[in-house]
Each structure stands twice: as structure tokens, then as C-alpha cells.
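The values are calculated or read from the model by the stated rules, or taken from the named source; none is laboratory data. Every value quoted in this text rests on a predicted model; they were computed, and no experiment measured them. Don't worry about glycine lacking a Cβ; one is built from the backbone with ideal geometry, like all the others, and counts go over all protein chains shown. Side chains included, ligands, DNA and RNA excluded: accessible areas come from the protein's heavy atoms. Shrake-Rupley method; radii C 1.70, N 1.55, O 1.52, S 1.80 Å.
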Amino acid sequence: MTVQKRICAAFCDGLSVQEIPLGYAIKTPFTWLHGEPLVVFGERYNGMVRMRDAGDTLALLEDVAGDLTVGTKLDAMRQLAHEHGLTFDEEDSLFLSDWTDEANLGDATIRFMSFLNRIQDMSLLSREKVSSVFREELVEAIKERFSEDYHVGVRESVSKDHKEYTADVIIRDAQMQAAIYAATSEVNVLEALLTEQVFGREHEFRTVPVVVFENFMHSKVSAKTRRRAMNSAKLQTADWSGGRDDVIDKLSQIMQG
């Protein structure tokens, strides 16, 4: 078997087509968001076909990436759709291709798959960029307030004996330290909870883990994990959306306490 045939076989192993009343449901070899298969639809009418999504694409993307229908995000989404020969029906929340002969279904499907892969990458990168900006703002605010009176370390180990435990920011004096985690992901909050368990007793410093949410009520961290953080005995939480000064003042109280 040639390399081309092996690649084609691998691609087709993940591809299936099912006839439905609308036309065709096409499961692609690609993954969508949290690992589920990417499915697209071919709407059929009088020997013609057009590609479309299920109508929930934008809503699902915004669950992980925030509002995509404002400012430069909206312009980028429209440009990407235009490059793939698609339009967005705002009334029905559908991404649609033009009608074409059913014989062209293969080419139309590939273009539509390409669009959905591109737009999900764009949305995830957008959310990551926002998260990075929040983390940078938090770090800079801490440096500005505490650098003169305390040691401030970025992505530093919580303990010299346990290099595997790191925080986004460490504020430390001779007696204690605050290990601060920006809640940009589920993992960061879970790391803070683990730090509380591992360093809850005295080590070389008294350690107070602190989770700072960009917006507690609209965080992508699950409600279950947020409740665990809020109900934790020694872990402290703060909400950046409630005011930068309030967060910094809370950190100051922790270091003085």
C-alpha cells in the first residue's frame, strides 16, 4: 500500500455518512471541542446540496471562548466564513454554504470541515489570549504593590524541597508566603486545592494558597470546583471582576495576618 493510500485509509476509517430526512449526516475524522467527533450536515433538495451545521456551533464555541459576535472577533469570524464560501444566518444561528450539485458534496464537505476546524482553533486561542492578559495584569499588580517589601516570584516553586508544586505568583517574607493561582483553568484551581492539602501544615514557611478568579460567576472553571475552593478551610479566594484594589488589599491582609 502506498503512503497516499495509507493516509486515505486512515482518513476514511474515521468518516461515516448516514442518510437522514434533511439529507446527510457526516461524521468526520476530526474532533470537536472536548473530544467528541465533528459532525457536519449536507442538506439535499432537487439534486442540489448545501453544507450546514446543527445550529449550535456558535453557542458551543462561546461556552469556551466567550462572546464571538462583537468587535474584531465578529469580523474575524465573518472573514473566515467568507474564505470558505460560507455565510452565517443570524436568525437561525446556522453556518451555510451555497447550493451546489450533489456531485460536489465531497469538495463541499471538506471546505466545511476546514472552516469548523479553523473557527474552533480561533476561538480557543482567543480565550487563551484573554486568560493570558488577565494573568499578566494580576502579576503586574502584585509586583507593583509588594515588590518593595516582600519577595515576589513568578511561576516559582512553593517549596525548595518540592519543585513540582508551583504557583503563578509567590509573595514571601521570613515567616509566611501566599501562593497565588490565576483561575484561568480547572487545573489551576485544582493545583491550589492540592497545595492546601500538601502544605496545610507548617513547612519552611506557612503557606496560604489563594485562587483569583477573573470573574467568579462566569468562570470556565466548573461550579463543583468553584464550590470546593469556596468551602476550603485554608484556601483563600478573590474575584478580579469585583475590583483590582480589593484583590490586592486582600493579599495584603493575608501577608499581614
If I filter the range 228-243 for residues that are touching a residue at least 60 places away in the same chain (Cβ under 8 Å), closer than 30 Å to Glu62 by Cα and not basic (Lys, Arg), do I get at least one hit?
yes
For Thr184, the lone unmet condition from (1) of a type in the set (Val, Ile, Thr); (2) open to solvent by 20 Å² or more (accessible area, probe 1.4 Å); (3) touching a helix residue (DSSP H, G or I) at 6+ places or on another chain (Cβ under 6 Å) is (2)
Residue pairs qualifying under the 6 Å Cβ cut-off, at least six apart or on distinct chains, with the first in the range 20-32 being more than 14 Å from Ser114 (Cα to Cα) and the second being of a type in the set (Lys, Arg) and not in a loop (DSSP other than H, G, I, E, B), are Gly23/Arg44
Among residues of the range 212-257 being charged (D, E, K, R), in a helix (DSSP H, G or I) and open to solvent by 50 Å² or more (accessible area, probe 1.4 Å), the residue farthest from Lys143 (Cα to Cα) is Lys224
From the option list Val208, Val221, single residue qualifying as aliphatic (A, V, I, L, M), in contact with a helix residue (DSSP H, G or I) (Cβ under 7 Å, 6 or more places away or on another chain) and farther than 13 Å from Ile180 by Cα is Val221
### Message
Among the residues in the range 21-38, are any touching a strand residue (DSSP E or B) at 6+ places or on another chain (Cβ under 9 Å), open to solvent by 50 Å² or more (accessible area, probe 1.4 Å) and closer than 13 Å to Ala108 by Cβ?
### Response
no
